[in-house]
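Inspection log for the structure reproduced underneath, given as structure tokens.
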There are 2 protein chains.
Amino acid sequence: MSDEIKYVLDEGRLPESWYNIAADLPVPPPPVLHPATMQPVTPADLEVIFPLSLIAQEVSTEREIEIPKPVRDIYRQWRPTPLYRARRLEKALDTPARIYYKYEGVSPAGSHKPNTAVAQAFYNKEAGVRRIVTETGAGQWGSSLALAGAMFGLQIEVFMVRVSYEQKPYRRALMESYGARCVPSPSPETASGRAILEKRADHPGSLGIAISEAVEVAAQSADTKYALGSVLNHVLLHQTVIGEEAIEQLSMAGDEPDVIVGCTGGGSNFAGIAFPFLGRMLRGGKKMRIVAVEPAACPSLTRGRYAYDFGDTAHLTPLVKMHTLGSTFTPPGFHAGGLRYHGMAPLVSHCKQLGLLEAKAYSQSSCFEAGVLFARTEGILPAPEANHAIRCAIDEALRCKQEGRSEAILFNLSGHGHFDMQAYMDYFAGKLVDQQYDESELAMALAGLPSVSA
Amino acid sequence: MSDEIKYVLDEGRLPESWYNIAADLPVPPPPVLHPATMQPVTPADLEVIFPLSLIAQEVSTEREIEIPKPVRDIYRQWRPTPLYRARRLEKALDTPARIYYKYEGVSPAGSHKPNTAVAQAFYNKEAGVRRIVTETGAGQWGSSLALAGAMFGLQIEVFMVRVSYEQKPYRRALMESYGARCVPSPSPETASGRAILEKRADHPGSLGIAISEAVEVAAQSADTKYALGSVLNHVLLHQTVIGEEAIEQLSMAGDEPDVIVGCTGGGSNFAGIAFPFLGRMLRGGKKMRIVAVEPAACPSLTRGRYAYDFGDTAHLTPLVKMHTLGSTFTPPGFHAGGLRYHGMAPLVSHCKQLGLLEAKAYSQSSCFEAGVLFARTEGILPAPEANHAIRCAIDEALRCKQEGRSEAILFNLSGHGHFDMQAYMDYFAGKLVDQQYDESELAMALAGLPSVSA
């Protein structure tokens, strides 16, 4: 086994294709349904808001999907990203475990999101699209799409949840630096925004409302499409470049993981690191445990129901089968904004249902404790979302210590925390409260799930 | 010539030594003077606040100084840093010039500062030091030393200019995340701090006061030393790892620079990229232009006097010969906090005096304009300091276009701007005023320079 701390792939070994897990699943995932007909959606249904090439990826069962050269040319600016062996963390934990982490924070936006933003911008540009409209909560996705838009000369318009727009001006400034237009949502620019503002002029907004506004704008112009930063199959597909690289890098290290860990909000960074390894396992490769880590305050995989549900609160999207807390469920405020979603990617949910992965939920204060230990040993200050993966990786390493086992643990460090310093300030000031969601609200949201006889 | 956009050095080619320009200078730099005796300072004078190993580097004339293995082991986490060819920026400028940039923002602190912070922490640790005290303005240096302290198990104490402490809580939070103690200066913890607070309880602080407090604390305990993040010879030395790598990377690219550009505050990132190339030139290598870029509001190289002056406003430091605006000069507020220093590194000043480099000054709004163009073409949002280098590189590329010359321009992108979003917000809101310094204040500050008959 190698004694390095960093495994850098030559640029020449940047993966040439994404990995599509649909090719290797023992049971195909349930179809996406049209809410009006309860029949599987057709490509034509989706063509209004997505280019055909992305719709084709959404339903593809090809194992390898080629990464177009212009996308690889942009990826090359920061990819392959480094894989690190966390030797100083291992020492601090006094564990026999070998801890590896893949670091996606080296992208210009500071997270894994550009992996799919660049791909989506490319396919839209290729399809003659001039403008992409999207929504963003905390702003990680919006700033990544803004970056990708700048690279391909596309106009980017971001509906940003108003409360975030006001509380997180720095993410907004990053989007504007890349030339994107950022609109606080609800806005007077759409019918759905106006309807809400009429009832309440100072409405703080929600991701659901912002999605409605973005979809509405996209559906109105032939040269405008919509983009989503997680959940959908094609988004997860684009993120598999992370795991594909990690496979090569671990082989450079002469090692193979026993446990793979990722944090899950919509599921894309988790799927990005886990699916390529899972695929190898499904094709007869080494058995390993795959652990999805979610916040205890928004626990779709551990406490949600596996059922058909809407992707948004306004019920404009198709119905997808996923682990969901109910589309009306509102998670309490916590700092890992990227993990505040009521549902889970259908492909991740399907794998969970098939018993191919485990799920764990952690409170945010225990995750920040882990993140600070990580920063002080490994030197990188993680994003609050990534702290969930770190917490779990540390717990696995401590288990190894207790059991006297030397396992290899791999986790995805999905982004840096330089935009999230307020969260660390709150943590150090003792202001981080581990808010629980409201059990009766969850029960109501689950009771309100659409009834689908499929 | 290669057609790549990124040149990554194998970890095995991380430089094994720093480059010391003192070995190649045609005239040795003037000595540092003790302000009481006006005689050259002795190592014994400095031993109270610095470990002997760093004092030795300060006066060394050896060309190559070995980078200790523990320092290289930390460097390896983010070094060698990438060298990029700015092809999209070239295209946007429609220039025949070849623009390269070395990107130091990939360090965990987001700038070049850890290059010396890690080295200084190592030598202090080796000398049995338990605690390092320093000052910081905007916080880039403080957070880098905090990071280095965490890596080597040293206690770090940072006197942070009070106005920055209050206005830049995120930098402070980063220091605290790394386990450092951050004290607003002036503080009641030192005699110099108390003296100032007695006169004015709400004093906003200054870099000069913070230096006084840090030096005072360091001088009081045998296990405590002081550290500086720029200006001194050994600090510049540690930064030459940047230029050493760039030489190798440009040779991979099959190219050699005609112009090298860096922004200058204290001078360390500039010297880091420029000195290794300058050394080759001094030893008979290819002639190239070397351009130092400073803010028009704090123009030590272009408007200052080359004279002996104090490094701090409280006149506790030795006298160094440098381009200075006078130690009582207060630059107007502008966003490139890392460039707000009244003096220039003595080695950089000496080279300027010998005609080995040029200097230019730019207003901050023209620098932000350049930084935004850079972000929209190259994808990386630069720190306000680095925008100065970008402005100059762009102007050089436009000159090449006008003259129809295909020159190679290399600049140092010293850090990312993720901690500086307020500056970009001000820029987009049209709130960036190009404040001029007060001409009569400059005249007075220059008139007040200590008279040294050397």
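Residues that are within 24 Å of A:Val348 (Cα to Cα) and open to solvent by 10 Å² or more (accessible area, probe 1.4 Å) were ranked within the range A:387-402; the one that is nearest to the chain's Cα centre (by Cα) is A:Arg391. Being assigned to a strand (DSSP E or B) and farther than 25 Å from B:His335 by Cβ is the filter here, so list the residues in the range B:252-303 that pass it. Listed by number, the residues that qualify are B:Val259, B:Arg289, B:Ile290. Filtering the range A:172-189 down to residues that are outside any loop (DSSP other than H, G, I, E, B) and open to solvent by less than 40 Å² (accessible area, probe 1.4 Å), which residue is farthest from the other protein chains (Cβ to nearest Cβ)? Ranking the candidates gives A:Ser185 first. Within the range B:298-312, the set of residues being under 17 Å from B:Ala336 (Cα atoms) and either out of contact with any Lys or Arg (no Cβ under 9 Å at 6 or more places or on another chain) or surrounded by fewer than 20 Cβ atoms within 10 Å (Cβ to Cβ) (or both) comprises B:Pro299, B:Ser300. Taking first residues from the range B:1-26 that are more than 14 Å from chain A (Cβ to nearest Cβ) and partners that are among the basic types (Lys, Arg) and surrounded by fewer than 16 Cβ atoms within 10 Å (Cβ to Cβ), the Cβ contacts under 8 Å between residues at least 6 apart in sequence or on separate chains come to B:Tyr19/B:Arg63; B:Asn20/B:Arg63; B:Ala23/B:Arg63; B:Asp24/B:Arg63; B:Asp24/B:Arg283. Has the range A:68-83 got any residue that is more than 14 Å from chain B (Cβ to nearest Cβ) and surrounded by fewer than 19 Cβ atoms within 10 Å (Cβ to Cβ)? Yes - at least one qualifying residue is present in the range A:68-83. Name, by its number, the condition in (1) open to solvent by 10 Å² or more (accessible area, probe 1.4 Å); (2) under 30 Å from A:Glu135 (Cβ atoms); (3) more than 11 Å from chain B (Cβ to nearest Cβ) that does not hold for A:Glu90. So A:Glu90 meets the others, but not (2). Each residue in the range B:431-447 was checked for being within 14 Å of chain A (Cβ to nearest Cβ), free of Cβ contacts under 8 Å to residues at least 24 places away in the same chain and farther than 16 Å from A:Pro169 by Cα, and 0 of them qualify. Taken over the range A:403-415, the criterion of being surrounded by fewer than 24 Cβ atoms within 10 Å (Cβ to Cβ) and of a type outside the set (D, E, K, R) is satisfied by A:Gly404, A:Ser406, A:Ala408. A single entry from A:Leu154, A:Leu147 fulfils the requirement of being under 19 Å from A:Ser111 (Cβ atoms) and modelled with pLDDT of 95 or more: A:Leu147. Scan the range A:342-350 and tell me whether some residue there is at pLDDT below 95 and under 16 Å from the mean Cα position of the chain (by Cα). Within the range A:342-350, one or more residues are at pLDDT below 95 and under 16 Å from the mean Cα position of the chain (by Cα).
If you go through the range B:226-245 and pick out every residue that is over 20 Å from B:Leu33 (Cα atoms) and among the hydrophobic types (A, V, I, L, M, F, W, C), you end up with 3. Among the residues of the range B:307-319, is any touching a helix residue (DSSP H, G or I) at 6+ places or on another chain (Cβ under 7 Å) and not in a loop (DSSP other than H, G, I, E, B)? No; the residues of the range B:307-319 include none that is touching a helix residue (DSSP H, G or I) at 6+ places or on another chain (Cβ under 7 Å) and not in a loop (DSSP other than H, G, I, E, B). Checking every residue in the range A:323-343 against the condition of being surrounded by fewer than 24 Cβ atoms within 10 Å (Cβ to Cβ), in a loop (DSSP other than H, G, I, E, B) and of a type in the set (Gly, Ala, Ser) gives at least one match.
With respect to being of a type in the set (D, E, K, R), crowded, with 21+ Cβ neighbours inside 10 Å and away from chain A (no Cβ under 13 Å), B:Glu135 fits the description.
The residue that is farthest from the other protein chains (Cβ to nearest Cβ), among those in the range A:371-386 that are over 19 Å from B:Val106 (Cα atoms) and surrounded by fewer than 23 Cβ atoms within 10 Å (Cβ to Cβ), is A:Leu373. Of the residues making up the range A:416-451, those that are in a helix (DSSP H, G or I), crowded, with 21+ Cβ neighbours inside 10 Å and not hydrophobic (A, V, I, L, M, F, W, C) number 2.
Taking the criterion of being within 21 Å of the chain's Cα centre (by Cα) and surrounded by fewer than 15 Cβ atoms within 10 Å (Cβ to Cβ), no residue of the range B:194-213 qualifies.
Determine if the range B:412-420 includes at least one residue that is more than 12 Å from every other protein chain (Cβ to nearest Cβ), in contact (Cβ under 8 Å) with a residue 12 or more places away in the chain and touching a His at 6+ places or on another chain (Cβ under 8 Å). Yes, the conditions are met somewhere in the range B:412-420.
The values are calculated or read from the model by the stated rules, or taken from the named source; none is laboratory data. What you are looking at is a predicted structure, and each value in this text was computed from that prediction instead of being measured. Every residue, glycine as well, gets a Cβ built from its backbone with ideal geometry; the counts of neighbours run over all protein chains shown. These accessible areas exclude ligands, DNA and RNA; they are computed on the full protein's heavy atoms, side chains included. Shrake-Rupley method; radii C 1.70, N 1.55, O 1.52, S 1.80 Å.
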